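Written out below as structure tokens is the structure these notes cover.
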Amino acid sequence: MDLNTLQPLLDWIAAHPTWAGVAVLLIAMAESMLILGVLVPGALMMFGAGALVGAGKLPMVETLLWAMAGAVAGDSVSFWIGRYFKERLKRVWPFKHHPSMIARSEAFFQRHGGKSVLFGRFVGPVRAVIPAVAGMMGMPPGRFLFVNVVSAILWAPSYILPGVLFGASLGLAAQVGMRLALFLLVIVIVLWLTVWLARRLFSLLQPHAAALMERLLSWGRRHPYLGGFVTAALDPRCPEAPGLAAAGAFLVVTAWTVMSLGGLLDKAPPSATDTSVFNLLQGLRTPWADRIMLAISALGEPLVLGVVQGGGLLWLLWRRRILPALHWLAAGGFALVLAFALQGRAPSPLGPEVPWWDSSPLVLVCGVLGFLAVMMAPGIRSSLRWLVYAGAGAAVVAVAVAQLYLGGLWFSQALAGMVLGVAWVVLLGAAYRRHSDRPLAPAPLGGVVALSLVVAAGVYGSDYLEGGGSRYQHPVREIRLGSAAWQAGAWQRLPSHRRDLEGEFEQPLTLQWAGDLSAIRAALLARGWREPVALTPVNAVRWLQPDPPLEDLPVLPQVHDGRHEALLLIRPLPGTDREAALRLWPTAVRVDGAGRPLWVGNVSTLQAYRPLPWLTVPVTGEDFTTPLSRLARELADWQRRWVDGPGGRRTLLVFPP
């Protein structure tokens, strides 16, 4: 993905902020207008405008004012349309074909009166219709204008500020590395799509679920061979164990056949899709993202899921809910059997040393979390039940993305695991719902499961994060070079720019240093360089100070080839309000017979960046030449050599005397 294609648009926005503000006004106006508000994805566009504010491309105060003005104008136009047409509005398209739109808004207005204009601004189904209904039902214009302005003042920040925070965080992530920024963007999009899909599926299937079960049961009663198993699973008057056992066996046989035909159970090489997805996600790896993905992938570990299931099982037995307890046990138990029976013999992307359960964690996650949602949903108000399924779906997808990102699964393995897990949850959930006598209390069960997860994380989490980090690392092959060969031209074999995305390069690497890192650090500290304030959650609060000195602020690390720098030192630049920052990354190269490690890096400028009025962060400037020349003059007792790099940019080679 080439993010540079967006740069012309960003440059235009920066050069024409007034026109960009007018665009925000028109979007907010359309989002609030009758009919248009239903068609225009205003919330998403307002979020995008906020993201541009957070990225420093639009001014915050002006953007909020444009959005407020557009919201007031849109609702005002709708109000006067309703006041002019009155009851005739019900006979105008699209309301004559969808009378419920007006009826729902009328009921909302009658229930809340003038406050409905304020409340309706934030309620999706009636947002674009309430102002017209207020005009149609004779609300005084002066009162409407007052409530309209107040609601716009509250609406604009609530829609734009989340985008501002996202844009600012994305901009800061881009300072660390575009890999991290793109990774965060991908995660947000994937999880949003998961929640959206879960809600859509629930809306489509929930009204017809009971009828579908009855039709399936009716078919089972007529079928001479499979009818007994279907009836046993779905008829509340029959024991369900035989039907579930047969359904489980059928699922195993069917899955085995399909996966065998698809090559997932043999030693065939991965498909082109598997390889493409693996290479794409490996190109997004960064140390911070690795830690996040390791923590998420731990949710798919059998030991963690075992603790979660054990906690829920004990609570169900304590409450004497035997039927849910048996189904809860079957959800994870059969999923574990299914994962073991269908494990592929082909090695994972990182080799056969990955345990077998890491090749099929999604069957377990789907089985445990999916059936947890099935048990909790009946005790929740029907309009909110989709949230339970969306949460379970988001958790499963997050584990899938984590495993794909870390290289523990091929894409085809992940897809097969999710399909099998969902199939088992559907079978088991249908049988449970047909035989369950009364719903469970969702809050206590959810609390017990959450507490069990915290216990599992505390006992198992730290060891997994330490051991898992080495499990998902690619081996690095060491390269030996003679000192003379390195200086004569082999230095060009190292990257000339900081590698951020596959095929993308950020910032020149104009410094190569051969020697022990502790010796390099000691030499620079003796010359006035110092280590920056450590970046910790506590120290990051310093970014919120008003006009803080640059030297008091933590410095964001940067990513080269998937790793943070091994050495980061800073020092003030005389006569300026900026600092010099030296960064060195490890390489696989060893120089001369002593095997000195070779480090690659640069010396850049640091300057204050304020994406928000109350946030100041040191970021890398564009000058990489002046601070490097200054460093070369400081290294009097180290041997130095200037060489000409790509594009005429000079590179400094440094080695011990």
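The values are calculated or read from the model by the stated rules, or taken from the named source; none is laboratory data. Everything numeric in this text was worked out from a predicted model, so none of it was measured. In this analysis, Cβ positions are derived from the backbone assuming ideal geometry, glycine residues included, and neighbour counts consider all displayed protein chains. Accessible surface is based on the protein model in full, side chains and every heavy atom, while ligands, DNA and RNA are left aside. Shrake-Rupley method; radii C 1.70, N 1.55, O 1.52, S 1.80 Å.
Assorted remarks:
- Segments classed as strands (runs of 3 or more DSSP E), wholly inside the stretch 499-602, with at least 1 members that are acidic (Asp, Glu), farther than 25 Å from residue 282 by Cα and in contact with a Pro (Cβ under 6 Å, 6 or more places away or on another chain): 579-591
- Which listed residue, of 583, 630, is of a type in the set (D, E, K, R) and open to solvent by 30 Å² or more (accessible area, probe 1.4 Å): 630
- Selection count where residues are open to solvent by 10 Å² or more (accessible area, probe 1.4 Å) and more than 30 Å from residue 405 (Cα to Cα), scope the stretch 559-580: 8
- Selection within the stretch 499-558 - at positive phi, surrounded by 13 or more Cβ atoms within 10 Å (Cβ to Cβ) and modelled with pLDDT of 85 or more: 515
- Meets criteria (over 24 Å from residue 490 (Cα atoms) and open to solvent by less than 40 Å² (accessible area, probe 1.4 Å)) for residue 597: no
- Residue pairs whose Cβ atoms lie under 9 Å apart, separated by 6 or more positions or on different chains, with the first residue in the stretch 117-141 and over 20 Å from residue 155 (Cα atoms) and the second modelled with pLDDT of 75 or more and among the aliphatic types (A, V, I, L, M), are 135/81; 136/81; 139/133; 139/147.
- Per this entry, residue 584 is not counted among residues that are touching a residue at least 60 places away in the same chain (Cβ under 8 Å), over 23 Å from residue 499 (Cβ atoms) and within 32 Å of the chain's Cα centre (by Cα).
- Just one of the numbered conditions (1) modelled with pLDDT under 80; (2) within 27 Å of the chain's Cα centre (by Cα) is not true of residue 342: (2).
- Some residue of the stretch 583-592 being at pLDDT below 85 and either out of contact with any Ser or Thr (no Cβ under 7 Å at 6 or more places or on another chain) or of a type outside the set (A, V, I, L, M) (or both): yes
- Looking across the stretch 291-317, just one residue is among the small types (Gly, Ala, Ser) and either touching a strand residue (DSSP E or B) at 6+ places or on another chain (Cβ under 6 Å) or farther than 18 Å from residue 370 by Cα (or both), and that is 295.
- Residue that is farthest from residue 316 (Cα to Cα) [pool: residues in the stretch 393-426 that are open to solvent by less than 30 Å² (accessible area, probe 1.4 Å) and free of Cβ contacts under 8 Å to residues at least 40 places away in the same chain]: 400
- The helices (runs of 4 or more DSSP H) located wholly in the stretch 88-196 that include 1 or more residues which are modelled with pLDDT of 70 or more occupy 115-120, 130-136, 141-176.
Each row is one residue, and each column tells you yes or no for (1) more than 19 Å from residue 325 (Cα to Cα); (2) at pLDDT 80 or above.
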position: 390; (1), (2): yes, yes
position: 396; (1), (2): yes, yes
position: 414; (1), (2): yes, yes
position: 437; (1), (2): no, no
position: 458; (1), (2): yes, no
position: 464; (1), (2): yes, no
position: 468; (1), (2): yes, no
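- Subset of the stretch 283-335 (residues that are of a type in the set (Phe, Trp, Tyr), in contact (Cβ under 8 Å) with a residue 60 or more places away in the chain and either surrounded by fewer than 20 Cβ atoms within 10 Å (Cβ to Cβ) or within 30 Å of residue 181 (Cβ to Cβ) (or both)): 288
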